[in-house]
Structures are given as structure tokens and as C-alpha cells.
Amino acid sequence: MGTQDWGVQAGSPPWCGSDTKHAAAVASAKAQIENLIFTSATRVDAQGTISTSSAVPFNGSTPTFNVGGACPTGDVGQSPQVQVVGVCKHPGFFDGDDHPITNGFAVTAGATCNGSFRWSQIHDSNNPHNATFFWQTRSRPTGGGLIALLPSG
């Protein structure tokens, strides 16, 4: 089996073989990269941090934090619209006990590029804990994306 035959037998579209097939592969790759970067790429619209003002007791929850806002013109919210992570801060001086929060989040997407979240402290029945949260909202263009802003020609 020759090199030119391999691409045909490997599946569709055949990326190996003749120069015509190679040119088609390059054009297809360029189009897909252009689409990803300039047309359909997910964007971070807003981001921030929120820290609790007081320690959260076991089975207690933070208030609901509203984050984000209206989407940029021409964009729609991208699921998940709100992403949030956090650090659980154990009482006392830093002794290595602070850790990422792995459970207890309730996150709700809003109507646009917004939403809300709250955290329930469900992992330590002996101590209340403060926390710091890092959040972001996301969107994607409805059409054209950044490429629509480039001058023609």
C-alpha cells in the first residue's frame, strides 16, 4: 500500500496522499482554527473574588452572591455561565490546613452573563470556617465574533 492510498483508506476526509488532499487539509485546519479563535471562542466576561465576612458554621451557608451582569453586545451566556472555586480557611494562624473547597456549592445561571452562588460548610462539624471564592462568568458570540470586527481585504 502506497502513501497516496493510505489517506483514502484511513477515513474521510483523507488528509494524506496527493498534494490536492494536503491543500484541502491545510485549508480545513486554517478554517477550524480561525473559527475557534475569532468566531466561536468562549470568553470570560467578568471575574472577581468574594470573601466571607464571618465564619460559616457547620451546616450553615453564606448569603447568595450575585455575580456578573449583561453579556457584551452580540454575545450570549455560555454554559456553565458561572464558574466558581474557593479556599476554605481554617481558624487560627496558617498551619497548612487551608484547602480547596470540594463540595457545598449551589450555583445558578442567570438569564444573561450572570448568576449566583452560595456555599454551605458541610465538611467540619467541629469548627466554623471563613472562605474566599474566585468566580467568573462566560459568554460566546452569537455570530461573527472577533472576525466580524476585522477590516475586509
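Annotations for the structure displayed:
- Residues in the stretch 32-49 carry Karplus couplings, in order, of 5, 5, 4, 4, 5, 6, 9, 10, 10, 5, 5, 10, 8, 8, 8, 8, x, 10 Hz; the curve used is 6.51 cos²θ - 1.76 cosθ + 1.60 with θ = phi - 60°, and Gly or Pro positions show x.
- Pairwise label distance in nanometres, Phe58 with Thr142, each label 7 Å out on the Cα-Cβ vector: 5.0 nm
- For the stretch 58-63, backbone phi angles converted through the Karplus equation (6.51, -1.76, 1.60; θ = phi - 60°) give residue-by-residue couplings of 4, 6, x, 10, 6, x Hz, Gly and Pro being listed as x.
- Sum of side-chain charges, Ser53 neighbourhood, beta-carbon under 15 Å (Lys, Arg +1; Asp, Glu -1): +2
- Tail beyond 13 Å, pair distance distribution of the stretch 78-130 (Cα, percent): 63 percent
- Computed FRET value (nearest 0.05) for Ala70 with Ala27, which takes r as the C-beta separation and R₀ as 35 Å: 0.40
- Amide H to amide H, with H built 1.01 Å from N, Gly110 comes under 5 Å of Gly115, Ser116, counting only residues 5 or more places away or on other chains.
- Label-to-label distance, nm, for residues given as Ala106 and Glu34 (7 Å Cα→Cβ offset): 4.8 nm
- Dividing the Cα radius of gyration of the stretch 43-141 by its Kirkwood radius returns 1.05 for Rg/Rh.
- Long-range HN-HN contacts of Asn130 with modeled amide H, under 5 Å: Val56, Lys89
- Here the calculated FRET efficiency for Arg43 and Asp98, from their Cβ-Cβ distance with R0 = 22 Å, stands at 0.10, rounded to the nearest 0.05.
Only the coordinates and a few stated rules stand behind these numbers; no lab work does. What you are looking at is a predicted structure, and each value in this text was computed from that prediction instead of being measured. No Cβ is skipped: glycine too gets one built from the backbone with ideal geometry, and neighbour counts run over all protein chains shown.
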